[in-house]
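See below for the structure under consideration.
A short reminder: the numbers here are calculations on the coordinates, not readings from a lab. Just so it is clear, the model here is predicted, and its values are computed rather than measured. Methodologically, a virtual Cβ is constructed for each residue, glycine included, from the backbone with ideal geometry; neighbour enumeration extends over all protein chains shown.
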Amino acid sequence: MKWMIRLVSMLLALVFVFPLIWMLVVSVKREGMGVTSLLDWFTPPYSLDVYGEVITQTKLTHWIWNSFFVAVCVMILTVLISAMASYAMSKIKFRFKTFMFFFILAGLLIPGEATLIPLYQVAKDVDILNSYEGLIFPVLASPFAIIILKSFFDGVPNDLIESVQIDGGGIWRVFFSIMLPLTRPALASIAILTFIGSWNNFLWPFLSVTDDNLFTLPVGIPTLMDQYTEDYVKPMVINTIASIPIIALFLIFERQIVKGISMSGIKG
Amino acid sequence: MQALIFLLPFLFIYVLFTIWPMIKGVEMSFYKWTLIRKIEYVGLQNYANMLQDSAFWSSVWHSFLFVVLTTPTMIVLAIILALVANRKSRLQKFYRSVFFLPSVLSVAVASYLGLFIFQPYTGLLNSLLHLIGLLPGNEEIFWLSETSLAWIAITLLTLWWTVGFNFILYLSAMQDIPEDIYEAARLDGASDSQIFWQITLPMLGGITRTITMLQIIASFKVFVQIYIMTGGGPLDSTRPVIQYIWQIGFRQNDLGYAAALSYMLFAILLVLSAFQYWLNNRKGE
């Protein structure tokens, strides 16, 4: 029984990594080799020529950079403006607070996919189509992040805030030296989920950007693929190059990522 | 006043890019409206067309079908993977990394891997089936050009690519179950399968409800995998609703009609959320 479980476990693991191993192996084959059996992929001749070709003759690396740049901007700005709004909702008294809460809560029910068509028109009206601003700003408002952060801010004791205020600390000092440091795990969780969301966002960049210098990875990759379905080497080189940075990031931040996801489930 | 300063950046973005489009869409849905400009007022014509548009309703059905195919399989697979990774062994960390790894791939990379895995003649799956003798050498399975096979391929790829998130949620829920409950059960002579069915699974009820809720909505919004793997084919038989709305808006240059369809999508998602909310509260009692 024990060895059965072990065997099944290993098989499952193999199924999960095998496509990635295949991707890697095919990417270092020489182009134009007729492949008749699975084993042919795993035998020489190998060659890295296509890597050089893809890196020098396509904009793939530039698109990787775009994806990172956009994802990092979206991550930082989303965390910042959500934290600011959550702080106001949690610790500052003001009129219409209940109304404001439901106004933000309503956003949870509006899926981005349902407003995509009018959003395109709005982005056209304010003239941010085909720009980094257009890729970044429309995706920053996250009611989900505010609901989560508010619940964490609610847990920060008021005494702590008052003691800073008695020492003459203003509202910004409270925000930056008490609220943010004390809720770091929640902020990190939001940051990670936002980064992954932006990294994988397809629809909005796909609609809003037509200039290939502004493409993000998901939008750019299909434009390279169309011509090459006969021979797998080039597509797999493209896939591999596109995956190396994000897999490296995953291996570095695995613990934080796992924690971030677990936390989203508790609150979800 | 201070509150306003803190709320302002968020409110500005939220109103301009979430609330305003929601309102703007109503206007657009009453017009013939192209990518270039507003053409003419058509009243409720777009909505009347929607009721007659069988291609739209079959795309809605395809998205539902995708929900039905992916939600239960996703949950079962996530639980199995979490059980594997939760077992005490030297490979615990390895399993966790391996099962989550595909989830970090860019959606385009995952979809193209899917496309090449399911190709006839040279694709990974057919080659593998040939190699281990499950598929005779002179036969090929055309995964992506037969509707039912295409759905299987799309579902398998989606499971492989996205199960990681749910797997992590289950794994952390399993690790939160106190060890002494298991020990007490073992002292009473419970077998491994009894422990699973009568302790582990019931304790996962809460997280299962959360995952089901998120998964149904997420699956209904499917687009990219299908767009890349089958293009919605063969003969539009796998085309999901998001792809249809996109085609109406940006291929057929009819943003007004696409806006009307978007409201139907919004209404469906709202009903799904309300249904789940009701289900949750009922079970919670």
Item to complete: Determine which residues of the range A:124-141 fall in the zone a paramagnetic label at B:E27 would reach in this model, i.e. backbone nitrogen under 17 Å from the point 7 Å along Cα→Cβ.
Response: A:124-128
Worksheet item: Mind checking the mean number of beta-carbon atoms from other chains within 10 Å of the Cβ atoms in A:131-140?
Response: 2
Worksheet item: Among the listed pairs A:K2/B:K93; B:K32/B:K221; A:K93/B:K24, which are separated by more than 24 Å between their Cα atoms?
Response: B:K32/B:K221; A:K93/B:K24
Discussion item. Limiting things to C-alpha atoms, what are the Rg and the maximum Cα-Cα separation (Dmax) for the range B:1-47, in angstroms?
Written reply: 15.8, 47
Discussion item. Given Cβ point charges of +1 (Lys, Arg) and -1 (Asp, Glu) and nothing else, what value in debye, to the nearest 20, does the dipole of chain A about its Cα centre take?
Written reply: 1140 debye
Worksheet item: Taking A:K234 as the anchor, which lysines have their alpha carbon closer than 21 Å to its alpha carbon, excluding any fewer than eight residues away along the same chain?
Response: A:K29, A:K59
Item to complete: Please give the FRET efficiency for B:N138 paired with A:L251, using the beta carbon to beta carbon distance and R0 = 45 Å, rounded to the nearest 0.05.
Response: 0.55
Worksheet item: Roughly what angle does helix A:233-267 make with the longest principal axis of chain A, taking Cα atoms, 0 to 90 degrees, to the nearest 10?
Response: 30 degrees
Practice prompt. Could you give me the percent of Cα pairs per 10 Å distance bin for the range A:59-267, shortest bin first, beginning at zero and ending with the bin that holds the maximum distance?
Written response: 8, 28, 31, 22, 9, 3, 1, 0
Worksheet item: How much mean residue ellipticity at 222 nm does chain B get from its helices, if each DSSP H run of length 4 or more adds -39500 (n - 2.57) and you divide by all residues, to the nearest 500 deg cm²/dmol?
Response: -21500 deg cm²/dmol
Worksheet item: Using the Kirkwood formula over every pair of different C-alpha atoms, what hydrodynamic radius in Å results for the protein assembly as shown?
Response: 25.5 Å
Worksheet item: What distance in nm separates the simple spin-label points at B:A218 and A:F102, each placed 7 Å from Cα in the Cβ direction?
Response: 3.1 nm
Worksheet item: Each label point is 7 Å from the Cα along the Cα-to-Cβ direction; what then is the distance between the points at B:W197 and A:Y46, in nm?
Response: 5.0 nm
Fill in: Qualifying chymotrypsin sites (Phe, Trp or Tyr not before Pro) in the range A:13-68, DSSP loop, other Cβ atoms within 10 Å at most 16
A:F42
Worksheet entry | Average partner coverage of A:17-28, which counts Cβ from other chains inside 10 Å | 4
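Under the 0.36 nm per residue contour assumption, what length would be gained going from the current alpha-carbon distance of A:F94 and A:V17 to full extension?
That pair, A:F94 and A:V17, stretches by 22.4 nm at full extension.
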Item to complete: Divide the volume of the convex hull of the Cα atoms of chain B by its number of residues and quote the answer in cubic angstrom per residue.
Response: 217 Å³
Fill in: Cα-centred dipole magnitude for chain B, charges only on beta-carbon of K, R (+1) and D, E (-1), debye, nearest 20
540 debye
Fill in: Inter-site label distance for B:M1 and B:D176 at 7 Å from Cα along Cβ, in nm
4.3 nm
Practice prompt. Divide the volume of the convex hull of the Cα atoms of the range A:1-123 by its number of residues and quote the answer in cubic angstrom per residue.
Written response: 280 Å³
Worksheet item: Can you give the extra length, in nm with one decimal, that the chain gains between B:S54 and B:N281 once fully stretched, where that is 0.36 nm per residue apart less the Cα-Cα distance?
Response: 78.2 nm
